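The structure under discussion appears below in the form of structure tokens.
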């Protein structure tokens, strides 16, 4: 079987789908090659992510990784959420096919982009390198296809 039961469950029954109109942070990332676009919304109170929602345009793996990422960061502190890795998302889903691993990278980047947006809106200092080394999907989302 190509996909684990958890991947199929999060694809068929994604958690935390939707928008948060008054979100404290919004992160949008995309991959021009595969066409996946993820938007992550967070609500923060006392440095804790109290609510998180996502909207994803993409394949089943993109939806499943977005859903799992929201589950993994909900109720966590911003610092804890920043430690989320794409590997942790993949492990929580009991694996992904190798050619779909980029979806888990997008999920990680969407979380970080939402937190970065929160920090920017609230004038909170952060280490730029923690968010982007210049080679992530968020830097290339608007690149024209070559």
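The values are calculated or read from the model by the stated rules, or taken from the named source; none is laboratory data. Keep in mind it's a predicted model, so treat the numbers as computed, not measured. Positions of Cβ are backbone-derived with ideal geometry, glycine not excepted, and every protein chain shown enters the neighbour counts.
Looking only at residues in the range 11-48 that are part of a strand (DSSP E or B), in contact (Cβ under 8 Å) with a residue 60 or more places away in the chain and farther than 20 Å from residue 103 by Cα, which one is farthest from the chain's Cα centre (by Cα)? Filtering first and then ranking leaves 44. Is it true that residue 105 is under 12 Å from the mean Cα position of the chain (by Cα), at pLDDT below 95 and either surrounded by 18 or more Cβ atoms within 10 Å (Cβ to Cβ) or outside any strand (DSSP E or B) (or both)? Taking the combined requirement at face value, the residue satisfies it. Candidates 88, 114: the one that is modelled with pLDDT of 95 or more, more than 11 Å from the chain's Cα centre (by Cα) and part of a helix (DSSP H, G or I) is 88.
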